[in-house]
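For reference, the structure is listed below as structure tokens.
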Amino acid sequence: MVRLTGTHATFTRDAVSAWLEGLRDRDDRSDWAILRSDDGTHLGEVVLNDVDDDNLSAGFRIMLGSPRWFGSGYGTEATRAVLGHAFDTLGLHRVELEVFAFNPRAQRAYEKAGFVVEGRRRDALLWDGEWFDAIVMGCLSNVEA
Ligand SMILES: CC(C)(COP(=O)(O)OP(=O)(O)OC[C@H]1O[C@@H](n2cnc3c(N)ncnc32)[C@H](O)[C@@H]1OP(=O)(O)O)[C@@H](O)C(=O)NCCC(=O)NCCS
């Protein structure tokens, strides 16, 4: 999971709690828990970050908390919901993300939700002594999925 998200840092429970506490005062991002509507099971998190009011854009990230939840459509559904919020509620024009080239599942989920590939950052991640590219994807408010 840390490799899929390119996370080099490690976190303590206290650090995570402090981070979550600080989120309520932020106006440059929105963080949501993804809950399964049937039974309330917590599946993961999804985030709009780096909200740029001048250019009406934001970044996007998502993570389901366990491989048990992968491949059932949850990621695509959550991505579509957050894009709807970004465009229809916040009035943003552009949402962008990066996904590592070794993560075709995520790339496919993003494509289904309306993102298109815009470019490639070569050797963006150094993991266990090996370089990996990051794919840049974007979605615009006026382009249908
Ligand atoms: C990325 C993530 C949010 C996607 O959510 P998900 O619920 O697993 O994805 P979905 O089921 O909605 O869609 C996955 C799609 O990828 C396809 N897929 C799965 N493995 C694939 C592979 N190896 N190659 C190509 N496509 C693949 C599935 O078939 C499905 O497409 P389809 O509906 O056309 O068949 C989730 O897997 C996750 O949190 N992964 C770990 C963290 C992560 O990678 N975060 C993103 C970092 S950029």
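The values are calculated or read from the model by the stated rules, or taken from the named source; none is laboratory data. No experiment lies behind these values; they were computed from the predicted model shown. With ideal geometry, Cβ positions are generated from the backbone for all residues, glycine too; neighbour counts draw on all protein chains shown. SASA here: full protein model, heavy atoms, side chains in, ligands and nucleic acids out. Shrake-Rupley method; radii C 1.70, N 1.55, O 1.52, S 1.80 Å.
Things to note:
- Averaged over its residues, the stretch 2-140 has an accessible area of 62 Å² per residue, based on protein heavy atoms and a 1.4 Å probe.
- Of the trypsin sites (Lys or Arg not before Pro) found in the stretch 1-110, those that fall in a DSSP loop while having at most 11 other beta-carbon atoms within 10 Å are Arg24, Arg26.
- Label zone at Arg105 (point 7 Å along Cα-to-Cβ), backbone N below 20 Å, the stretch 1-45: 1-8, 33-37, 41-45
- Each label was represented as a point 7 Å from its Cα along the Cα-to-Cβ direction; for Glu21 and His93 these points are 4.0 nm apart.
- Kirkwood-based Rg to Rh ratio, the chain, C-alpha trace: 0.95
- Taking the DSSP bridge list for the chain and keeping only pairs wholly inside it, about 90 percent are antiparallel.
- Maximal additional length on extending the Asn142-His85 stretch stands at 19.1 nm, based on 0.36 nm per residue less the C-alpha distance.
- Modelled spin-label separation between Arg121 and Arg3, with each label point placed 7 Å from Cα along the Cα-to-Cβ direction: 2.0 nm.
- For the stretch 57-131, the alpha carbon convex hull comes to 102 Å³ per residue, rounded to a whole number.
- Separation of the stretch 17-35 from the stretch 56-83 is 16 Å, based on Cα centroids.
- Counting protein heavy atoms only, the chain has 47 percent of its accessible area on carbon and sulfur, 1.4 angstrom probe.
- Rounded to the nearest 10 square angstrom, Asp14 shows an accessible area of 120 square angstrom against a 1.4 Å probe.
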